[in-house]
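Report on the structure given below.
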Amino acid sequence: MNLKQYVLTALAVSALTMPWTLGVTQAAAADAAAQPEAEPAPQAVSSAAATTAKTVKADAPIKVKQAKYSLKFNAKNYTKETLKLEGQAVAFRAYRDVVYTAKPASVASESMSIFIPEAYFQKGGTVNGYTAKTAPIFLPNGVGGYMPGESKEPSASERMSGGANASLVALSKGYVVAAPAVRGRTTVGDDGKTYVGKAPAFLVDYKAAVRYLRHNRHRLPAGNTDRIISDGTSAGGALSALLGATGNSKEYDAELRAVGAANERDDIFAAMAYCPITDLDHADMAYEWMFNGVNEAYQHSAPMSPLLPLNAGSMPGALKVGDAVVPLGPGPVVQGGSAAADRPDNAPVEDSSAVEMTQAERVASDQLKALFPAYVNSLGLKDRQGRALTLDEDGTGSFADYIKSVYAASAQSALDAGEDLSALDWLTIENGMVKDVDLAKYAAWATRLKAAPAFDKFDRSSAENDEFGTTDNTPRHFTGFSLTRDKEAGATMATWDDVRRMNPMYFIGQQDVTVAPHWRIRHGAKDRDTSLAVPALLALKLQDSGYDVDFASPWGKGHAGDYDLDALFDWADGICKAADTRKK
C-alpha cells in the first residue's frame, strides 16, 4: 500500500465512524480499528459549531495602520565588531534590525541580523578559501517548542555547549550569517490581541528571509545566495527540514504575499536538522512504536502564569480552552529544583522523577503503536542496498532492523572510542563489535519523556496543539485519533492544509517543489523527545528520492543541537566547495 492508498483507506475507514469536519483527512488514519469497545469515542463537532460553542470572547481588534517597509538592503547601516574564538579574533560587520518583509505581521519577529566577515571588505580578502562572492550563507533559526525564534547572534558562550555558538563558528570559517527572528505560537500582532504566529507562520517567515536575501543578492556586500544552509534544533530542526523540503512551493504563496515577502525563490542549498520534531500527524504513532511498554513519563508541566493583558509580541504563560485555563504547554527550562537543566530553550520541561501513565494513556499507547506499521508501509521506503523497509502488524520487520542498525552504529562509535558499554543490557557485544540491539530494552534504558499521546494531547495542552491554534489562541487537534478522544464538545481540528504544510514528508518528490539537494540530520542516541523513527523516515524518503543525506544518531547525546560544530562545518565546506568546483 503506497501513501496515496493509505490516505484513501484511512478516509474510508474513518468516514464510517465519525461525522466529518472539513480538513480532517489522513490524520484520522485507521482510527476505527483502534477504538476501545467499552468506551465509544465522543462525536466530533464541526469547526463552525465549535467556534460558537466555547471560544474566548474577544473585543473588536484595535485598528493599527500598518507601516510598509522597504525590501532594499542598506549596506551603510552597520557596526564593526570583534569576538574571540579560541583566542583568535573574529572580526565582522553587523547589520541588525533588518525587516525582511514589506508588511510584517510582527516587526520584531520578522527582522533579521546579517553578519559578514570583515576580511571580505578588504581587497582580495578571503577566509577559508571563500571570497565575498563565493561565501556560503549560514541561516540559523532560534526556534524551540514552536515559540518565537530569536535572531541567533554570534556568541563566544552558548548555554548548552558552554563554547562558541554556531553563528560565531560560521563567521570564523568564512560564512556570511543571516540570522532571522521568526514568529512563533505566542506571537501577538500589533493590535495587541491577535495571535499571528500559528502554523505555518514560522515557515512563512523563514521563506521570506530567504527571499529577502535573494532580492538583495546584488546589494549584499558578500554572500552567495545559491549556497544558503539552514540550521535548527528541535522544533527549529523541524523548521529547517520544512524550509529544505518545501522550496518554491506555491502552497505558501498567499501567506507570503500577506506579509509582503519579496517575489523571489525560497529554495535553499542544504538543510541541517538536529532532533527535528516533525511529521507531527504521525509522531504519536512513532513515539508509541518505540516507547510502548514503558509506562512512566518524565515530562514536567510548566507552572501556569496568570493571564495578563497582551501587548504586541508578548508571551503569556497560559491560554483559554473553552471555560478552562491551561498552561501553554512546554515552556522554558526550569533551572534548579527538580527539573532537568540540560535541555534546549523552550523544550518540554523534564522532571527528575517519573509519573505513572494512566490506564487511558496506556490504552492510547497500545492503539497508536498498532497504527504505525500501516503508515511506514505506505511510504514504500528502501535502504541503501535497495531492500524494502516495512513493519509487520506486531511492529517488527525490516524497518525495525534498520532502526536497530542506526543505534548499533552509534554504540559502535562509542566502543571504538574506548567506552565501556558492558552494563547496557540492550546491546549484544561480541569481541568489541555490536551484534544486536533490543529495542524494548533500549526504550526502558532511555526512559519515556512524554505520556501518550506525546504530541496531540487529548486536552489540547501541548506546544503542538498551541502551534495549530486559532488567532484567538484556542488550541486545536491535528490528528483524528486525539480529536475523537477529546471529552470536550467544543474541540476542533486544524485544517488539513495547515497540518499538511507543517510536514516535510508530503513535499518530497512533488514536481513543483525544489527540495534542498543536501541534508544533514542528527538525533541523539538518548533523545526521547520524539522517536528516532521520525527523523529516520525523513532521511530515508529523501535518500530514496535521490538527495544527498548524512543521517546519524550520535552516542551520548539527548535532545540537543549544534554539539558537533567542527563536523557540521566540515560537512558544509565539503558540499559547498564540491559544488563550486563543479561550477567551474
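The values are calculated or read from the model by the stated rules, or taken from the named source; none is laboratory data. Computed from a predicted model, the values in this text were never measured in an experiment. Counting neighbours? That spans all protein chains shown, and the Cβs are built from the backbone with ideal geometry, glycine included. Surface areas here come from the heavy atoms of the whole protein model, side chains and all, with no ligands, DNA or RNA. Shrake-Rupley method; radii C 1.70, N 1.55, O 1.52, S 1.80 Å.
Couple of notes before you dig in:
- Filter result for the condition that a residue is crowded, with 17+ Cβ neighbours inside 10 Å, among the small types (Gly, Ala, Ser), in contact with a strand residue (DSSP E or B) (Cβ under 8 Å, 6 or more places away or on another chain) and not in a helix (DSSP H, G or I), over Ala560, Ala525, Ala539, Ala572: Ala560
- The set of residues in segment 527-578 that are in contact with a helix residue (DSSP H, G or I) (Cβ under 6 Å, 6 or more places away or on another chain) and aromatic (Phe, Trp, Tyr) comprises Phe551, Trp555.
- Boolean, Ala132 is touching a Ser or Thr at 6+ places or on another chain (Cβ under 8 Å) and either under 16 Å from Thr225 (Cβ atoms) or open to solvent by 10 Å² or more (accessible area, probe 1.4 Å) (or both): no
- Qualifying positions in segment 375-410 - touching a residue at least 40 places away in the same chain (Cβ under 8 Å) and farther than 16 Å from Ser531 by Cβ: Asn377, Ser378, Gly380, Lys382, Asp383, Arg384, Ala409
- Of the criteria (1) surrounded by fewer than 24 Cβ atoms within 10 Å (Cβ to Cβ); (2) at pLDDT 95 or above, which one Gly163 fails: (2)
- Among residues of segment 349-368 being open to solvent by 60 Å² or more (accessible area, probe 1.4 Å) and out of contact with any Ser or Thr (no Cβ under 8 Å at 6 or more places or on another chain), the one that is modelled with the lowest pLDDT is Val355.
- Single match in Arg217, Arg265 (criterion: over 25 Å from Tyr78 (Cα atoms) and open to solvent by 10 Å² or more (accessible area, probe 1.4 Å)): Arg265
- Every listed requirement among (1) among the aromatic types (Phe, Trp, Tyr); (2) open to solvent by 10 Å² or more (accessible area, probe 1.4 Å); (3) farther than 25 Å from Ala105 by Cβ is met by Tyr175 save one, (2).
- The lone criterion from (1) more than 18 Å from the chain's Cα centre (by Cα); (2) crowded, with 23+ Cβ neighbours inside 10 Å left unmet by Thr470 is number (2).
- Scanning segment 463-508 for residues that are of a type in the set (A, V, I, L, M), closer than 22 Å to Asp205 by Cβ and part of a helix (DSSP H, G or I) turns up Ala463, Val499, Met505.
- When we screen Lys152, Lys193 for residues that are modelled with pLDDT of 95 or more, assigned by the TED database to the domain that holds Glu251, of a type in the set (D, E, K, R) and open to solvent by 10 Å² or more (accessible area, probe 1.4 Å), the only hit is Lys152.
- Among the residues listed as Glu158, Glu110, the single one being open to solvent by less than 30 Å² (accessible area, probe 1.4 Å) and charged (D, E, K, R): Glu110
- Subset of segment 113-129 [assigned to a strand (DSSP E or B) and open to solvent by 20 Å² or more (accessible area, probe 1.4 Å)]: Val127
- Taken over segment 369-392, the criterion of being open to solvent by less than 40 Å² (accessible area, probe 1.4 Å) and in contact with a strand residue (DSSP E or B) (Cβ under 7 Å, 6 or more places away or on another chain) is satisfied by Leu389 alone.
- Test for Asn346: is it outside the structural domain of Gly546 (by the TED database), at pLDDT 60 or above and either under 24 Å from Gly480 (Cα atoms) or not in a strand (DSSP E or B) (or both): yes
- Residue list for segment 235-258, restricted to those being open to solvent by 10 Å² or more (accessible area, probe 1.4 Å) and not acidic (Asp, Glu): Asn248, Lys250, Ala254, Arg257, Ala258
- Test: Thr134 is closer than 25 Å to Ala75 by Cβ, part of a loop (DSSP other than H, G, I, E, B) and in the same structural domain as Tyr206 (by the TED database): yes
- Selection count where residues are among the aromatic types (Phe, Trp, Tyr) and over 19 Å from Ala241 (Cβ atoms), scope segment 466-502: 2
- First in segment 237-261 and farther than 19 Å from Thr514 by Cβ, second anywhere and part of a helix (DSSP H, G or I) and open to solvent by 10 Å² or more (accessible area, probe 1.4 Å), Cβ under 7 Å, 6 or more apart: none
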